[in-house]
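Chemist: Structure below; questions to follow.
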Amino acid sequence: MKIHRICFLLWLSSACLFQAQAQSSVRLFLNEGTFYTVDSTNMPALALNLSASFNQTSDVVEFNVGDSIHLHLINNTNVSRSYAIQALSVSGQIPAQDSVLLTLKSEKTVSWILSAANEADSYLGQSTMITAIEPNSSNFYWNIREHQVEAVLALNQQQNFDWATYNPDYFTINGRSNPEINQDPVARVVGQVGDTIFIHMANTGRSIHSIHFHGYHCEVVQSSRSALELGRVKDTFGIYPGQMKVLRLVPHQSGEYPVHDHNLVAVTAGGIYPNGMFTTLLIQ
């Protein structure tokens, strides 16, 4: 996963994307391609990438608190697609091979989910994070999703799928399963004792997940679902579909400790354990 860092404001309107210093601008492409699982099963997919080449790991858009950016969201597919940032009540349509210019700004640390306005395209992978961070802070990103091959194939053919029969086959963080998650420098948390580390979690799937930390406790600093969660310090965090949650971790001890979904089904891929939502924190 790539992170595009920007140093000014973030806007929402209609156009394209790239980076600059005084007037930041980024291009984010909506691409279609093939998603490969850890056991080489493949399925059609969408992704939001910083280039016109499909990568199943959607890229994060990151900018500094108080700064500005123009985000050019480009539909690189041959059909019209929708987009939405639900937390900002922003949504619209992008014609095939056309673009929309989004302009946003934040005066505080915050993360938003940018996705499709329709369930089908979101489930196929059109979802990522836009986040405002403090300069020089340490940030990591977990785009949490699950995948049922039967559902993907039906939705890709614009067919109805009976969600009452939903039974996912694969579980991923940033489009990857264990052990590949630990090869992703955006996902794999690495730091030192006493560091202040922010972990941005977005649930862009359809299932509730329960992320459990061994060795450390984290504090909730953002929850899009309930302000009552703010300030809570614990080692397990439930995250609902469509929810954005930001955690602050200040490690008190060195070591390598696992992080995984408490629902062990989500730590599988194609029924094989531990090939799902499982990674480790490395604190030195």
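The values are calculated or read from the model by the stated rules, or taken from the named source; none is laboratory data. In this text, all values refer to a predicted model and were calculated from it rather than measured experimentally. Glycine gets a Cβ as well: all are built from the backbone with ideal geometry, and neighbour counts include every protein chain shown.
Yes/no matrix, rows are residues, columns are (1) over 21 Å from Gln158 (Cα atoms); (2) at pLDDT below 85; (3) not basic (Lys, Arg):
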{"residue": "Leu10", "(1), (2), (3)": "yes, yes, yes"}
{"residue": "Leu30", "(1), (2), (3)": "no, no, yes"}
{"residue": "Thr34", "(1), (2), (3)": "no, no, yes"}
{"residue": "Ala47", "(1), (2), (3)": "no, no, yes"}
{"residue": "Ser51", "(1), (2), (3)": "yes, no, yes"}
{"residue": "Glu62", "(1), (2), (3)": "yes, no, yes"}
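Chemist: Here is a further query. Let me confirm something: among Thr236, Thr204, Thr196, which residue is of a type in the set (Ser, Thr, Tyr) and in contact with a His (Cβ under 7 Å, 6 or more places away or on another chain)?
Modeler: Thr236
Chemist: Is segment 220-237 home to any residue that is of a type in the set (A, V, I, L, M, F, W, C) and under 26 Å from Tyr36 (Cβ atoms)?
Modeler: No, that holds for no residue.
Chemist: Moving on. Report, by residue number, each residue of segment 63-93 that is touching a residue at least 40 places away in the same chain (Cβ under 8 Å), outside any strand (DSSP E or B) and over 18 Å from the mean Cα position of the chain (by Cα).
Modeler: Those that are touching a residue at least 40 places away in the same chain (Cβ under 8 Å), outside any strand (DSSP E or B) and over 18 Å from the mean Cα position of the chain (by Cα): Val65, Gly66, Asp67, Asn76, Thr77.
Chemist: Name the residues in segment 246-260 that are over 13 Å from Phe213 (Cβ atoms) and either surrounded by 22 or more Cβ atoms within 10 Å (Cβ to Cβ) or aromatic (Phe, Trp, Tyr) (or both), would you?
Modeler: Within segment 246-260, Val246 is the sole residue that qualifies.
Chemist: So which pairs qualify, if the first residue must be in segment 241-260 and among the hydrophobic types (A, V, I, L, M, F, W, C), the second must be surrounded by 20 or more Cβ atoms within 10 Å (Cβ to Cβ) and not in a strand (DSSP E or B), the Cβ gap must be under 6 Å, and the two must be at least 6 apart or on different chains?
Modeler: Met244/Ser224
Chemist: Something else now. Checking the structure you have, find out if any residue of segment 211-222 is out of contact with any strand residue (DSSP E or B) (no Cβ under 8 Å at 6 or more places or on another chain), modelled with pLDDT of 95 or more and over 23 Å from Tyr83 (Cβ atoms).
Modeler: No: zero hits.
Chemist: Can you confirm whether Leu228 is more than 23 Å from Glu134 (Cα to Cα), at pLDDT below 95, of a type in the set (A, V, I, L, M, F, W, C) and surrounded by fewer than 17 Cβ atoms within 10 Å (Cβ to Cβ)?
Modeler: Here the answer is no, as Leu228 does not meet what is asked.
Chemist: State all residues of segment 261-277 that are in a strand (DSSP E or B) and buried (at least 22 other Cβ atoms within 10 Å of the Cβ); if no residue qualifies, say none.
Modeler: Asp261, Ala269 - these are the residues of segment 261-277 that are in a strand (DSSP E or B) and buried (at least 22 other Cβ atoms within 10 Å of the Cβ).
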